[in-house]
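Structure first, commentary second.
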Amino acid sequence: MTDPYNPNPQYGPDLSKPQDGGSQPQYGQPAYGQPSDPYAQQPQPGYGQPQYGAPQPQYGQPADPYAQQPQPGYGAAPYGVMPQGYNPNDPEAPYGRDMYGVPFSDKQKLMAGLLQIFLGSFGIGRFYLGYTGLGIAQIAVTWLTCGIGAIWPLIDGIMMLTGKVPDTQGRPLRD
């Protein structure tokens, strides 16, 4: 029978007890649990087999508990780091929800607004949000009116920055 609280169960015969029914060891034979060579090196506690109750390294964890851990923000990101705002506990809304419970888009307000303000005559902000038809319409209006129609992408970019324009699935843009 194994102990459910022992992380290192021992299988096989128990060598701490005599196997021949409790008799004493014969002359010249070592006692049970003692090495046969009296000058043999005794194992030190903490070396070799881990002691009962000692913390064991888990799968994927470093074996050396004193090893230097990677610092966030320095060098490459450690394995398993999620994007900022990512919530794996809510798969329907990985970037959170607004105050009405609608999940946020994976697109950002600032990125969409700035693309629309600076490159709106090419419809880039609308292409970023997934509105291909409106992007093509903004290109056409801007170029057919010789630049006068560029007021439309400028106002559209400001509306994106204020959060009035959703993405193609109707989700609000995240901050």
Filtered trypsin sites (Lys or Arg not before Pro), region 107-175: DSSP coil and at most 13 other beta carbons within 10 Å: K164
Difference of contour (0.36 nm per residue) and Cα-Cα distance, L119 to T162: 13.7 nm
Computed accessible area, D98, all protein chains, 1.4 angstrom probe, square angstrom: 40 Å²
Scattering profile of region 81-175 at q = 0.17, 0.18, 0.22 Å⁻¹ [log10 I(q)/I(0), Debye over alpha-carbon scatterers]: -0.70, -0.76, -0.99
Chain lengthening between T145 and M111 when straightened (0.36 nm per residue, less Cα-Cα): 9.6 nm
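The values are calculated or read from the model by the stated rules, or taken from the named source; none is laboratory data. This one's a predicted model, so the numbers in the text were calculated from it and none came from an experiment. A quick note on method: Cβ atoms are made from the backbone with ideal geometry, for glycine too, and the neighbour counts reach across all protein chains shown. Just so you know, the surface numbers come from the protein's heavy atoms only, side chains and all, with ligands and any DNA or RNA stripped out. Shrake-Rupley method; radii C 1.70, N 1.55, O 1.52, S 1.80 Å.
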